[in-house]
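What follows is one structure encoded as structure tokens, with my remarks underneath.
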Amino acid sequence: RALLFVPTGSPTYDYWGGNRAGANLFGNSLLCLDARTGARRWHFQFVRHDIWDRDIPTAPILADVTVGGKKVEAVFQITKQSFVYAFDRVTGKPIWPIEERPVAKSLMPGEQAWPTQPFPTKPKAFDYQGYSEDILADFTPEIKAEALKAVQRYNLGPIFTPPILKDAGGKEGTFQLPGAGGGANWMGAAADLETGYFYIPSVTSAYISSLVPGGTRSEMPYIGGGSLGGIPNPGGVPLIKPPYGRITALDMNKGELKWQIANGPTPKEIAENPALKGVTIPATGRTTRAVTLVTKTLLFAAEGYGGGPILRAYDKKTGTEVGAVYMPAPQTGSPMTYVLNGQQYLVVAISGGAVNGSRDA
């Protein structure tokens, strides 16, 4: 069909849009173009007037699925906000309804946040979104109480709550979850074209989104003042309950969750934390970005940069670990597989201090 699918980034500036009123089409969009003529066949914008750094981080996936007994030639877009958007790839019609829902207004002077954002009704989000008490660490009552106290320093709300002026009203910034890096990111998903199952790696890591005057540092009146660091650790554990990194299996024929597992074991600093003595802790995973690869029978995944140097194999139907191979260093790129002389090989990009003494090896 000579269709070209182009995901786009955020308009400048990522967290301030007072100089770009409106929805800012075609930022944060998927464009379907006629590759022969360049004509636009259809488009969909996932974030209107982005002020959260929600650029589309990965290529869309083309797959045929069976929905309600009918074959659908589909295109799927995985996003930082932990949504998967599903369309007929020829017409652009959503496979399941996408609702425009009202979201919070911006409190920043000169900023006009778009009043609605698109929410897919299927599948449900594959990672935490926005703030609620239910997502706070609760290994013990004391840790939960400390977490509830700690978040009072932030502006709290659901997904798409806008950034605020740093320290406005005594708040350091807006609690943004997923953080600026997602949810999902460049790793995208492994798509099983035979079954219509998707395997999506994601991380659960908040970002404190605030703005400060640009001054002489920028031609923008406001620039980002938040940071990925500085989030409190009640009782020496992350503010948000685990899993900190996860792999989610979705049946995209039905738009339903099949299983979800932690990406990796429980870190030593949590497993051996004195505050958790006597507490049963399942595998928490790590905030490292796995990249997945699916074969006829197995799902392969490693923990990602900063995680353990190990490649695991899972039963792709259940998520049960069935084997593992240690590597010289953690995985940092997408794996691939090929067959030569009847033998199947896996190739994994790795990097770290254990490889030739260089982090860039």
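Some observations on this one:
- Each DSSP beta bridge with both residues in the chain is either parallel or antiparallel, and the antiparallel ones are about 95%.
- Point-charge dipole on Cβ atoms (K/R +1, D/E -1) for the chain, about Cα centre, debye to 20: 540 debye
- Shape of the range 1-40, Cα gyration tensor, a/c cut at 1.5: prolate
- Measuring r between the beta carbons of ASP64 and ALA23 and using R0 = 30 Å, the FRET efficiency lands at 0.45.
- Cβ-based net charge around PRO97, under 14 Å, with every Lys or Arg adding one and every Asp or Glu removing one: +1
- For the chain, the residue among VAL347, PHE175, PHE119 whose Cα projects farthest onto the positive side of the dipole built from Cβ charges is PHE119.
- R0 of 22 Å, Cβ-Cβ distance SER334-ARG1: FRET efficiency to nearest 0.05: 0.25
- Projecting the Cα atoms of LEU31, GLY68, THR58 onto the charge dipole of the range 1-131, computed from C-beta unit charges around the Cα centre, puts GLY68 farthest toward the positive end.
- Per-residue SASA remark: VAL67, around 30 Å² accessible (1.4 Å probe; ligands, DNA and RNA not included).
- The residues of the range 16-90 have, on average, 35 Å² of accessible surface per residue, using a 1.4 Å probe with all protein chains present.
- For SER82, the shell of other residues with beta-carbons less than 12 Å away shows a net charge of +3, using +1 for Lys and Arg and -1 for Asp and Glu.
- Ranked order, LEU250, LEU31, LEU107 - accessible area, probe 1.4 Å, largest first: LEU107, LEU31, LEU250
- Dipole magnitude (debye, nearest 20) for the range 1-126, charges at Cβ of Lys, Arg, Asp, Glu: 380 debye
- Dipole magnitude of the range 157-238, debye to nearest 20 (Cβ charges: Lys/Arg +1, Asp/Glu -1, about Cα centre): 320 debye
- Cα gyration tensor category, rounded, prolate or oblate, for the range 235-361 with a/c compared to 1.5: oblate
- Here the range 1-149 is treated as a sphere whose radius is the Kirkwood value from Cα pairs; by Stokes-Einstein at 10 °C and 1.306 mPa s it diffuses with a coefficient of 92 µm²/s.
- The Rg/Rh ratio of the range 246-287, with Rg taken over Cα atoms and Rh as the Kirkwood radius over Cα pairs, comes to 1.19.
- Paramagnetic reach from ALA145 in the range 237-270 [backbone N under 18 Å; point 7 Å along Cα→Cβ]: 237
- Apportionment of accessible area to carbon and sulfur, the chain, percent (1.4 Å): 53 percent
- Computed from the C-beta positions of ASP315 and GLN260 and an R0 of 22 Å, the FRET efficiency is 0.95 to the nearest 0.05.
- Estimated 222 nm signal from helices in the chain, with DSSP H stretches of n ≥ 4 weighted -39500 (n - 2.57), rounded to 500: -1000 deg cm²/dmol
- Highest to lowest packing among 321-332, 283-294, scored as the average C-beta count within 10 Å: 283-294, 321-332
- Kirkwood analysis of the Cα pair distances in the range 97-236 returns a hydrodynamic radius of 17.1 Å.
- Intensity falloff of the range 10-90 expressed as log10 I(q)/I(0), Debye formula with alpha-carbon point scatterers, at q = 0.21 Å⁻¹: -1.00
- Mean shadow area of the chain over all directions, Cα convex hull, nm²: 21.6 nm²
- Label-point gap, in nm, between ALA349 and ARG153 - each point 7 angstrom along Cα→Cβ: 3.6 nm
The values are calculated or read from the model by the stated rules, or taken from the named source; none is laboratory data. Everything numeric in this text was worked out from a predicted model, so none of it was measured. Note that we place each Cβ from the backbone using ideal geometry, even for glycine, and neighbour counts take in every protein chain shown. Please note that ligands, DNA and RNA were not included when accessible areas were found on the heavy atoms of the full protein model with its side chains. Shrake-Rupley method; radii C 1.70, N 1.55, O 1.52, S 1.80 Å.
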